[in-house]
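Student: Shown below is the structure under consideration.
The values are calculated or read from the model by the stated rules, or taken from the named source; none is laboratory data. These numbers come from a predicted model, not from an experiment. Heads up, the Cβs are rebuilt from the backbone with ideal geometry, glycines too, and the neighbour counts pull from every protein chain shown.
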Amino acid sequence: MISLVQAFNDHSPVFFVLAAISVVIVGISKSGFGAGIGFLAVPLIASFSSLNLALSLLLPILLAIDLFGLTIYIKHFDKKLMKLMLPCGLAGITLGAIFFNMISSATLSIMVGVFILAFLLFRLAFPTKPTSPKPPKWLGVLMSGLAGFTSFIAHNGGPPMAVYMIPQKLPPMTYAATLSIFFTVINLSKWGPYAYLEILRPGEFLLSLALLPVVPIGVWLGYILAKRLSMDIYYKIVYLGMLLGGVKMVMDGLQ
């Protein structure tokens, strides 16, 4: 049985600093900005370890943040959107499990990154207005499925969901709550496939438990920001997160 001391000895101090920062970033992103800026977490940890270790380490953290966020957001999510998005997201998880060892992370990263940047360019050319129609349901089906797929591959389902969710023009609390509930179910559904694919390992699970005390800091900061920022500033931050995420994903794929 791997001990916590052994798990700690296998990694450098820099790794733990980056891991703690990643947990705070994910907490802020998931609890306040619908995972719009959480793309940084996996690359930060993987830069001093590996992709599989980052996925394994972050999954319990993500679930802890999700469950923590339920106490805040359970009364604010949009039920109609959830009925459309959730089955498609779970279908994406299934496809992610099937193709995890078949599709390269570089190819997926470039494809998703280019799509996100194309969406932002479209929004720049045709900004959302109060009179703009809501996006069609087929886009919700497509983006929810893609979000489940990219969430399974790289814990990065936020940007595709933002493509569908931002044009809904929801209040910040409803936007954050809907995505928080969505990704709670999505992250719960990853445990079985991750275990089957041997992504989850005892050493990383122990490290996740050691990082749990950092979770409330990120969740609290994200909640405060979502509650206090105006809709205009809030969505500008989400757009900025998508821009940085899209550029980062393309750059990672080209390396």
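Student: Determine if segment 162-171 includes at least one residue that is in a helix (DSSP H, G or I), buried (at least 24 other Cβ atoms within 10 Å of the Cβ), at pLDDT 85 or above and in contact with a Leu (Cβ under 6 Å, 6 or more places away or on another chain).
Tutor: Looking through segment 162-171, at least one residue is in a helix (DSSP H, G or I), buried (at least 24 other Cβ atoms within 10 Å of the Cβ), at pLDDT 85 or above and in contact with a Leu (Cβ under 6 Å, 6 or more places away or on another chain).
Student: Within segment 89-106, count every residue that is of a type in the set (S, T, N, Q), in contact with a helix residue (DSSP H, G or I) (Cβ under 9 Å, 6 or more places away or on another chain) and modelled with pLDDT of 75 or more. Before you say what the answer is, go through the steps one by one.
Tutor: Keep residues of segment 89-106 that are of a type in the set (S, T, N, Q), which gives 94, 101, 104-105.
Cutting the leftovers down to in contact with a helix residue (DSSP H, G or I) (Cβ under 9 Å, 6 or more places away or on another chain) gives us 94, 104-105.
Then keep just the ones that are modelled with pLDDT of 75 or more; that gives 94.
Final tally of qualifying residues: 1.
Student: Check segment 184-193 and report whether any residue there is more than 22 Å from Ile224 (Cα to Cα), of a type in the set (A, V, I, L, M) and over 16 Å from the mean Cα position of the chain (by Cα). Give the steps one after another, and end with the answer.
Tutor: Of the residues in segment 184-193, the ones more than 22 Å from Ile224 (Cα to Cα) are 185-193.
Now drop any that are not of a type in the set (A, V, I, L, M), which leaves 185-186, 188.
When the remaining residues are screened for being over 16 Å from the mean Cα position of the chain (by Cα), the result is none.
No; the residues of segment 184-193 include none that is more than 22 Å from Ile224 (Cα to Cα), of a type in the set (A, V, I, L, M) and over 16 Å from the mean Cα position of the chain (by Cα).
Student: Which pairs do you get when a residue that is within 12 Å of Leu86 (Cα to Cα), found in segment 183-196, comes within reach of a residue that is outside any helix (DSSP H, G or I) and at pLDDT below 90, reach meaning Cβ atoms under 8 angstrom, with the pair 6+ apart or on two chains?
Tutor: From residues that are within 12 Å of Leu86 (Cα to Cα), the pairs are Phe183/Ala35; Phe183/Gly157; Ile186/Gly157.
Student: Taking the criterion of being touching a residue at least 60 places away in the same chain (Cβ under 8 Å), over 20 Å from Tyr196 (Cβ atoms) and within 19 Å of the chain's Cα centre (by Cα), would at least one residue in segment 92-106 satisfy it?
Tutor: Yes, some residue in segment 92-106 is touching a residue at least 60 places away in the same chain (Cβ under 8 Å), over 20 Å from Tyr196 (Cβ atoms) and within 19 Å of the chain's Cα centre (by Cα).
Student: Still on this model: Please indicate, with yes or no, whether at least one residue in segment 120-143 is crowded, with 24+ Cβ neighbours inside 10 Å and of a type outside the set (S, T, N, Q). Explain how you work it out, then say what you get.
Tutor: Kept after step one, since they are crowded, with 24+ Cβ neighbours inside 10 Å, are these residues of segment 120-143: 143.
Those still in the list that are of a type outside the set (S, T, N, Q) too: 143.
The answer is yes, given that some residue of segment 120-143 is crowded, with 24+ Cβ neighbours inside 10 Å and of a type outside the set (S, T, N, Q).
Student: For Val214, state whether it is over 20 Å from Ser56 (Cα atoms) and either surrounded by 19 or more Cβ atoms within 10 Å (Cβ to Cβ) or not aromatic (Phe, Trp, Tyr) (or both).
Tutor: Working: over 20 Å from Ser56 (Cα atoms): no; either surrounded by 19 or more Cβ atoms within 10 Å (Cβ to Cβ) or not aromatic (Phe, Trp, Tyr) (or both): yes.
In short, no.
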